[in-house]
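Enquirer: The structure under discussion is supplied below as structure tokens; questions concerning it will follow.
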């Protein structure tokens, strides 16, 4: 589990920060600002739930969570921007919760087309 409860801080995860982390199951972002760059969670094969709750501002960039077994993605207050392909090829994804405050969702952000 990755959990941050660091109010008023800005978390910046660079490319491939958790690449090939095969035991990661749940990612929770709570009470902070964040920027999740390309491929941060690539090849985290056990990851099945992403919860982004009560954040001040969070941006998810290209292919941050590609090719995962994620079943559920929950965005609550604070998510503002989801780029192209952020959750691409997540073929197990069956639940996505997005609040009205999201102002930009990129092309094929949740595409299951993987070629």
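Enquirer: Residues that are surrounded by 17 or more Cβ atoms within 10 Å (Cβ to Cβ), modelled with pLDDT of 85 or more and over 13 Å from the mean Cα position of the chain (by Cα): find the strands (runs of 3 or more DSSP E) completely inside segment 1-69 holding 1 or more of those.
Expert: Answer list for segment 1-69: none.
Enquirer: Here's a follow-up. Between a first residue in segment 93-104 that is within 23 Å of residue 67 (Cβ to Cβ) and a second residue that is at pLDDT below 80 and in a loop (DSSP other than H, G, I, E, B), which pairs have beta carbons less than 8 Å apart while being 6 or more apart in sequence or on different chains?
Expert: Close Cβ pairs (under 8 Å, with a partner that is at pLDDT below 80 and in a loop (DSSP other than H, G, I, E, B)) amount to 93/112; 97/76.
Enquirer: Quick check: is even one residue across segment 84-96 closer than 19 Å to residue 33 by Cα, outside any loop (DSSP other than H, G, I, E, B) and touching a strand residue (DSSP E or B) at 6+ places or on another chain (Cβ under 8 Å)?
Expert: Within segment 84-96 (the criterion being closer than 19 Å to residue 33 by Cα, outside any loop (DSSP other than H, G, I, E, B) and touching a strand residue (DSSP E or B) at 6+ places or on another chain (Cβ under 8 Å)), the answer is no, since none of the residues qualifies.
Enquirer: Sort out which residues of segment 75-88 are within 19 Å of residue 112 (Cβ to Cβ) and surrounded by fewer than 17 Cβ atoms within 10 Å (Cβ to Cβ), and write them in order of number.
Expert: Once the filter is applied, which keeps residues that are within 19 Å of residue 112 (Cβ to Cβ) and surrounded by fewer than 17 Cβ atoms within 10 Å (Cβ to Cβ), segment 75-88 yields only 84.
Enquirer: Got a sec? Which of 109, 53, 101 is in contact with a strand residue (DSSP E or B) (Cβ under 6 Å, 6 or more places away or on another chain) and farther than 23 Å from residue 16 by Cβ?
Expert: It is 53.
The values are calculated or read from the model by the stated rules, or taken from the named source; none is laboratory data. The structure presented is a predicted model; accordingly, all values stated were derived computationally and were not measured. Glycine gets a Cβ as well: all are built from the backbone with ideal geometry, and neighbour counts include every protein chain shown.
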